[in-house]
Protein chains: 2
Amino acid sequence: MTARILSGTAIAKEIRKELVVEVAEMKAKHGLVPGIAVIIVGEDPASQVYVRNKKKTAVELGMKSFEYVLPADVSEDKLLGIIADLNANPECHGILVQLPLPKHINDGKVLMAIDPEKDVDGFHPTNVGRMVIGSDDCFKPCTPHGCQQILVRSGIETAGVHCVVVGRSNIVGKPVANIMVQKAAGANSTVTICHTRTRDIAAHVRQGDIVIAAAGVPKFVTADMIKEGAVVIDVGIHRLGKDEATGKDILCGDVDFDAVKEKASAITPVPGGVGPMTITMLMLNTVKAARLAHERAKR
Amino acid sequence: MTARILSGTAIAKEIRKELVVEVAEMKAKHGLVPGIAVIIVGEDPASQVYVRNKKKTAVELGMKSFEYVLPADVSEDKLLGIIADLNANPECHGILVQLPLPKHINDGKVLMAIDPEKDVDGFHPTNVGRMVIGSDDCFKPCTPHGCQQILVRSGIETAGVHCVVVGRSNIVGKPVANIMVQKAAGANSTVTICHTRTRDIAAHVRQGDIVIAAAGVPKFVTADMIKEGAVVIDVGIHRLGKDEATGKDILCGDVDFDAVKEKASAITPVPGGVGPMTITMLMLNTVKAARLAHERAKR
């Protein structure tokens, strides 16, 4: 059997189409334009590419985008001041601070300063707590939410099945486990979280009907760790070097794709799997933030 | 083999002895007396017993206790006003609102009104989020924290072992799973959460080196579901009726104790297991809240 390829690129496109309609409706009915602010500190070229892509995506969806490109030596106070202004700005519904920040700035303090109602990245503890509790008004962190949407929109049954998460990072492993265990549509899985301290990790992963690989190690999940017919979601992305012929980056994920695809029933590729979902879920969260802000203002 | 009985009563006593010393030191060094406020609405006799016990325990430990016994028809605004006063009161370090509340009062709104720095119950989303992220400044919810302390203080290895949690409530199942998976001492377990939608729950529980039973169903976990030598923590407490001879309540947990104790290597009894830990962890959180408040004030 060769696995069905679950295209995050295609699913992200589908969600964006829906968002274009939702944003147009918000504008027509309420004069409301969802707005996202992206703050970047310093000149890291990769971060600048992300920020440009975020702006481009926001504009394509009919949303407003505010960018703040700050010098690498900006003071923490100055950054906190900008966040305070954005917290107070009714045209800004989502605030994203591009990480990593320079060492003289306290990441945690900055992320805590973002109003949880505008925390579209979903990393503020209040949002994490709401997600764990199962509140409807949380913003699910973008990458874990993207994993869930790939499963749901590919028609993969999650209820009652065993979902094994490899990795316990605050960005992917823990939140995706907490999302999949909820008593909710697209979730309701029995969830196991494995990590660096797990004994016989292969034996655990081999039990997964769904395996979400977020180990942060290239090709960590090998074919012998996968049950015949499992669904495999690969969150990793690693550069292995450049293809000499084409000059393009050679990328791989946390899964040994070529071998695992012969055993799994469905698998996300790298690139084109979870990656394209992340930015789309950020926009979806911003549209949700705008809707919730509008509802609060009406009360 | 008959299991070692893990006495929550004895462990709680040990922790309280430590708290007496810590509270006395705080008083001597900083003139600081940890204070807990307990608010109860209505005349539920069981709740009144809990509140009396909390006061008694606080006083025994050298702490201050403030009780608010409010009539069942108290308005939500009045209750929120009391919480606002307690949030502002520097002598009060912990606030506990005894649940359930009467129907005309919104539980969620009331719990959200408690300052997270005084949320010694650990149910505020901000605290839940901090716990999941692994922040040192969170208040772990009392019952899950009690389960962890029983394991730690009984010398049971948690790192790398498979901990299977039965139940996904916001009060026990989800938080205890999130506690046990942390990269931290007394945790570091591979964690599986099972629940009502789990297929073949017995097969999952049977893999547990540690089983934490929080299903809310009397004697749900039977001997055939337990691996030989497993450690079993029973969170449930149910009244099965009265003993005709003695007139005492017949209690049981979520575990079929008599049969399981012949297979497990260690097990908590009901009563005298997790139960006595809960109130102790509440006091421990209040002492921590006082310490953190004192440190914040110094800055």
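The values are calculated or read from the model by the stated rules, or taken from the named source; none is laboratory data. Since the model is a prediction, treat every value here as computed from it, not as a measurement. Cβ atoms come from the backbone with ideal geometry, glycine included; neighbour counts cover every protein chain shown.
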Residue count, the range B:129-157 (criterion: crowded, with 23+ Cβ neighbours inside 10 Å and assigned to a loop (DSSP other than H, G, I, E, B)): 4
Restricting the range A:165-195 to residues that are touching a Lys or Arg at 6+ places or on another chain (Cβ under 6 Å) and over 23 Å from A:Asp136 (Cβ atoms), the residue that is farthest from the other protein chains (Cβ to nearest Cβ): A:His195
Count - residues of the range B:214-224 that are surrounded by 13 or more Cβ atoms within 10 Å (Cβ to Cβ) and away from chain A (no Cβ under 14 Å): 7
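Here is a yes/no grid of residues against (1) closer than 29 Å to B:Gly129 by Cβ; (2) surrounded by 12 or more Cβ atoms within 10 Å (Cβ to Cβ); (3) in contact (Cβ under 8 Å) with a residue 60 or more places away in the chain:
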position	(1), (2), (3)
B:Ile15	yes, yes, yes
B:Val59	no, no, no
B:Leu79	yes, yes, no
B:Leu111	yes, yes, no
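I'd like to verify a number: residues in the range B:81-92 that are within 20 Å of B:Gly108 (Cα to Cα) and surrounded by fewer than 17 Cβ atoms within 10 Å (Cβ to Cβ), how many? If you could, list the steps in order and put the result at the bottom.
Going through the range B:81-92, the residues within 20 Å of B:Gly108 (Cα to Cα) turn out to be B:81-87.
Pick out the ones that are also surrounded by fewer than 17 Cβ atoms within 10 Å (Cβ to Cβ) and you get B:81, B:84-85, B:87.
Of the residues in the range B:81-92, 4 are within 20 Å of B:Gly108 (Cα to Cα) and surrounded by fewer than 17 Cβ atoms within 10 Å (Cβ to Cβ).
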Odd one out for B:Leu151, checked against (1) free of Cβ contacts under 8 Å to residues at least 60 places away in the same chain; (2) away from chain A (no Cβ under 13 Å); (3) under 15 Å from the mean Cα position of the chain (by Cα): (1)
Members of the range B:42-62 that are over 19 Å from the mean Cα position of the chain (by Cα), closer than 19 Å to B:Gln98 by Cβ and at pLDDT 95 or above: B:Val59
Selection within the range B:17-33 - under 19 Å from the mean Cα position of the chain (by Cα) and either buried (at least 21 other Cβ atoms within 10 Å of the Cβ) or among the hydrophobic types (A, V, I, L, M, F, W, C) (or both): B:Leu19
Count - residues of the range B:135-148 that are facing chain A (nearest Cβ under 10 Å) and without any contact (Cβ under 8 Å) to a residue 12 or more places away in the chain: 1
Any chance B:Ala177 is assigned to a helix (DSSP H, G or I), under 20 Å from B:Gly146 (Cβ atoms), modelled with pLDDT of 95 or more and small (Gly, Ala, Ser): yes
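Results for (1) within 13 Å of chain B (Cβ to nearest Cβ); (2) touching a helix residue (DSSP H, G or I) at 6+ places or on another chain (Cβ under 6 Å); (3) in contact (Cβ under 8 Å) with a residue 12 or more places away in the chain, shown as yes or no for each residue.
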{"residue": "A:Ala202", "(1), (2), (3)": "yes, yes, yes"}
{"residue": "A:Gly208", "(1), (2), (3)": "yes, no, yes"}
{"residue": "A:Ile212", "(1), (2), (3)": "no, yes, yes"}
{"residue": "A:Asp234", "(1), (2), (3)": "no, no, yes"}
{"residue": "A:Gly247", "(1), (2), (3)": "no, no, no"}
{"residue": "A:Val255", "(1), (2), (3)": "no, no, yes"}
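A quick yes/no check of all residues on (1) polar (S, T, N, Q); (2) within 18 Å of the chain's Cα centre (by Cα); (3) under 29 Å from B:Ala46 (Cβ atoms):
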position	(1), (2), (3)
B:Arg199	no, no, no
B:Val205	no, no, no
B:Val235	no, yes, yes
B:Ala245	no, no, yes
B:Asp254	no, yes, yes
B:Lys263	no, no, no
Test: residue in the range A:255-277 that is touching a His at 6+ places or on another chain (Cβ under 6 Å) and assigned to a loop (DSSP other than H, G, I, E, B): no
Residue match in the range A:199-208 (condition: more than 21 Å from A:Ser265 (Cβ to Cβ) and in a loop (DSSP other than H, G, I, E, B)): yes
Condition met for A:Thr286 (touching a Gly at 6+ places or on another chain (Cβ under 7 Å), among the β-branched types (Val, Ile, Thr) and crowded, with 24+ Cβ neighbours inside 10 Å): yes
The range A:103-153 - residue that is basic (Lys, Arg) and farther than 27 Å from A:Pro90 by Cα and, of those, modelled with the lowest pLDDT: A:Lys103
Given (1) of a type in the set (A, V, I, L, M, F, W, C); (2) at pLDDT 95 or above; (3) more than 21 Å from B:Lys174 (Cα to Cα), index of the condition B:Ala215 fails: (3)
All positions within the range A:191-213 that are touching a strand residue (DSSP E or B) at 6+ places or on another chain (Cβ under 6 Å) and of a type in the set (A, V, I, L, M): A:Val191, A:Ile193, A:Ile201, A:Val205, A:Ile210, A:Val211, A:Ile212, A:Ala213
Residue identified as of a type in the set (A, V, I, L, M, F, W, C) and touching a Cys at 6+ places or on another chain (Cβ under 8 Å) among B:Ala28, B:Ala37: B:Ala37
Yes/no for B:Val110 being more than 8 Å from every other protein chain (Cβ to nearest Cβ), under 19 Å from B:Ile36 (Cβ atoms), outside any loop (DSSP other than H, G, I, E, B) and aliphatic (A, V, I, L, M): yes
Residues being over 22 Å from the mean Cα position of the chain (by Cα) and β-branched (Val, Ile, Thr) - total across the range B:84-96: 0
Pick from the range B:228-250, criterion surrounded by fewer than 12 Cβ atoms within 10 Å (Cβ to Cβ) and in a loop (DSSP other than H, G, I, E, B), ranking: modelled with the highest pLDDT: B:Glu228
Test: residue in the range A:257-264 that is in the same structural domain as A:Gly146 (by TED's automatic domain parsing), in contact (Cβ under 8 Å) with a residue 12 or more places away in the chain and more than 19 Å from A:Arg4 (Cα to Cα): no
One residue from A:Gly94, A:Gly122 being touching a Lys or Arg at 6+ places or on another chain (Cβ under 6 Å) and within 14 Å of chain B (Cβ to nearest Cβ): A:Gly122
